[in-house]
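Report on the structure given below.
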Amino acid sequence: MTEYKLALVGFGGVNRALAQLIAERNERWKTELGFSLKIVGVTDLFLGSLINRQGLDAASLAGLPAVKGALAQLPGGNALALNEVVIKDSGADIIAEATFTNPVDGEPATSFCRWALESAKHVVTTNKGPIALHGAQLKALAQRNHVAFEYEGSVMSGTPVIRLARQLLAGSTINGFEGILNGTSNFVLTRMESGLGFTEAVEQAQALGYAEADPTADVEGHDVRLKVVILANELLDAKLNVSDVRCRGISTLTLDDIDQARQNNARWKLIGAATRQADGSVSASVEPRLLDNAHPLASIGGATNAVSFNTDLIGTVTVSGPGAGRTETAFALLSDIISLHQAAAQNRE
Ligand code: HSE
């Protein structure tokens with residue numbers, strides 16, 4: 001039976017939810033998935049850090065009080081986030097990186113991933129910054145060190161998109177996609193359809209935990225832009241930088257615009273899209289689009305996300321599901337671990 005030792009980098013909602021899943025399901029995973037997980041290290045800017053090579057109790061970690069330096073209260077804990085030590089020296093096989101997304105330079109998450117990969121540790125991450133800004137370099141680094149670098153949760157949280165398209169649409173060419181890739185903005189538009197003002201709708205999305213720390217990234221399309229870069233580079237083999245993607249958000253849409261659309265059997269949606277052009281280049285954009293109610297993305301309401309792939313052999317394939325949420329995103333980390341376990345098993349054959 002394989003037991004993977006796991007270090008959790010960033011202990012906000014997502015890795016805390018992963019600890020909870022480990023506490024509840026580790027036994028079951030042994031028979032269902034062929035492996036179990038042991039947490040040997042945790043580090044977090046706010047909570048501090050803790051290493052125990054024999055294994056930490058996942059249930060106690062999941063219930064850790066969210067107070068500054070809380071990890072220092074446990075035996076062997078430290079009030080400082082000793083990120084490099086936890087990543088390199090906790091004895092972990094896998095680093096689960098779930099720190100905040102920095103859309104400007106992807107730091108410090110990119111360094112966390114780099115340290116782990118250079119130390120020949122597998123990395124699973126939900127962080128859009130390192131993938132959108134430095135994905136190619138990090139993938140190459142993983143390859144050179146013969147370890148996995150997986151990031152399913154960076155787009156649409158636990159809803160399978162990247163791996164689904166890469167593996168299950170293999171053999172068919174994806175020529176483009178369009179998607180509702182931000183739950184907050186879709187929630188805001190849906191609430192505005194019921195007459196709520198823009199500001200109140202954003203406040204509700206914040207209260208429900210969908211929005212980024214700064215909701216500007218949600219409503220101005222910056223969050224979607226990172227996801228478009230990730231999907232285009234991954235699935236259309238594009239080499240896009242964030243600045244290559246035209247970006248306009250939903251903050252200028254008024255209740256009148258929304259109402260007028262309704263009278264014309266249409267809806268405004270914030271659409272992230274990429275298309276392969278005749279010359280092979282890929283163009284990409286984020287913008288509010290007026291969709292006829294018959295469009296497959298028009299009926300996607302609330303915080304739900306969806307993406308439609310345009311393929312050469314089977315036409316349009318649409319996947320929809322949650323695009324955010326703690327357990328939903330922790331599930332993406334689990335799916336990454338399952339994937340690297342399956343790859344390791346294949347390599348052993
Ligand atoms: N703030 C994002 C959203 C979370 O609303 O979709 C996931 O990236």
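The values are calculated or read from the model by the stated rules, or taken from the named source; none is laboratory data. As the structure is a computational prediction, the values presented were derived from the model and not from experiment. Positions of Cβ are generated from backbone atoms using ideal geometry, with glycine treated the same way; all protein chains shown enter the neighbour counts. Quick note on the areas: whole protein, heavy atoms, side chains included, nothing else; ligands and nucleic acids left out. Shrake-Rupley method; radii C 1.70, N 1.55, O 1.52, S 1.80 Å.
Lys and Arg at +1, Asp and Glu at -1: add these up for the other residues within a Cβ distance under 10 Å of PHE112 and post the number.
-2
Using only protein heavy atoms and a 1.4 Å probe, report how much of THR316 is accessible, in Å² to the nearest 10.
90
Return the Rg/Rh value of the chain, two decimal places, where both radii are evaluated on C-alpha atoms and Rh is the Kirkwood radius.
Ratio value, two decimals: 0.99.
Which value in nm describes the separation of the simple spin-label points at THR216 and GLN54, placed 7 Å from the Cα toward the beta carbon?
5.0
If the chain between THR31 and THR254 were fully stretched, how many nm would it gain, using 0.36 nm times the residue separation less the Cα-Cα distance?
Stretched out fully, the THR31 to THR254 stretch lengthens by 75.0 nm.
What are the semi-axes of the equivalent ellipsoid for the stretch 162-322, taken as the square roots of 5 times the Cα gyration tensor eigenvalues, largest first, in whole Å?
Rounded to whole Å, the semi-axes are 27, 17, 14.
Any idea how many Lys pairs in the chain come in under 17 angstrom at the alpha carbon, given 8 or more places apart or on separate chains?
Lysine pair count for the chain: 16.
State the Cα centre-to-centre distance between the stretch 79-114 and the stretch 278-335 in whole Å.
A separation of 29 Å, based on Cα centres.
Any chance you could look up the accessible area of VAL286 with a 1.4 Å probe, heavy atoms only, rounded to 10 Å²?
Ignoring ligands and nucleic acids, VAL286 comes out at about 0 Å².
May I ask you to order 6-15, 297-306, 272-281 by the average number of other C-beta atoms within 10 Å around their residues, highest value first?
6-15, 297-306, 272-281
Report the Cα centroid-to-centroid distance between the stretch 253-273 and the stretch 127-167 in angstrom, as an integer.
33
How high is the relative contact order of the stretch 162-322? Use alpha-carbon pairs under 8 Å, at least six apart in sequence, and give a whole percent.
About 33 percent, as a whole number.
Tabulate in residue order the Karplus-calculated ³J(HN,Hα) for the stretch 186-193, using 6.51 cos²θ - 1.76 cosθ + 1.60 with θ = phi - 60°, rounded to whole Hz; enter x for Gly and Pro.
Per-residue couplings from phi come out as 5, 4, 4, 4, 5, 5, 5, 5 Hz.
Rounded to the nearest Å, what's the spacing between the alpha carbon centres of the stretch 180-220 and the stretch 1-75? Just the number, please.
Result: 31 Å between the Cα centres.
Build a GNM of the chain with springs between Cα atoms under 10 Å: which of ALA330, ALA136, ALA148 gets the top mean-square fluctuation?
ALA136
For ASN305, what residues show an amide H to amide H distance below 5 Å, using hydrogens built from the backbone and excluding near sequence neighbours?
The list, which skips near neighbours in sequence, is GLY321, GLY323.
For the chain, find the longest principal axis of its Cα atoms and tell me its angle to the long axis of helix 109-118, 0 to 90°, nearest 10.
Taking Cα atoms only, the helix is inclined about 50 degrees.
Decide, for the stretch 63-198, between rounded, prolate and oblate: order the square roots of the alpha carbon gyration tensor eigenvalues as a ≥ b ≥ c, take rounded if a/c falls under 1.5, and otherwise choose prolate if a/b is larger than b/c, else oblate.
Oblate is the answer for the stretch 63-198, as a/c is 1.5 or above yet b/c matches or exceeds a/b.
Using the Karplus curve 6.51 cos²θ - 1.76 cosθ + 1.60 with θ = phi - 60°, work out ³J(HN,Hα) for each residue of the stretch 225-236 in order, rounded to whole Hz, and write x for Gly and Pro.
4, 4, 5, 5, 4, 4, 5, 5, 5, 6, 9, 10
Rounded if a/c is under 1.5, else prolate if a/b beats b/c, else oblate: with a ≥ b ≥ c from the C-alpha gyration tensor eigenvalues square-rooted, which is the stretch 257-340?
Oblate, because a/c is 1.5 or more while a/b does not exceed b/c.
Got a sec? What order do GLU203, GLU349 fall in by accessible area at 1.4 Å, biggest, i.e. largest, first?
Sorted descending by solvent-accessible area, the residues read GLU349, GLU203.
Please check which bits of the stretch 290-333 a label hung off ARG246 would reach, taking the label as a point 7 Å along Cα-to-C-beta and the cut-off as backbone N under 17 Å.
290-291
Taking the radius of gyration and the Kirkwood hydrodynamic radius from Cα positions alone, what is the Rg/Rh ratio for the stretch 1-139, to two decimal places?
0.96
Would you list GLU200, GLU212 from the most to the least accessible area, probe 1.4 Å?
GLU200, GLU212
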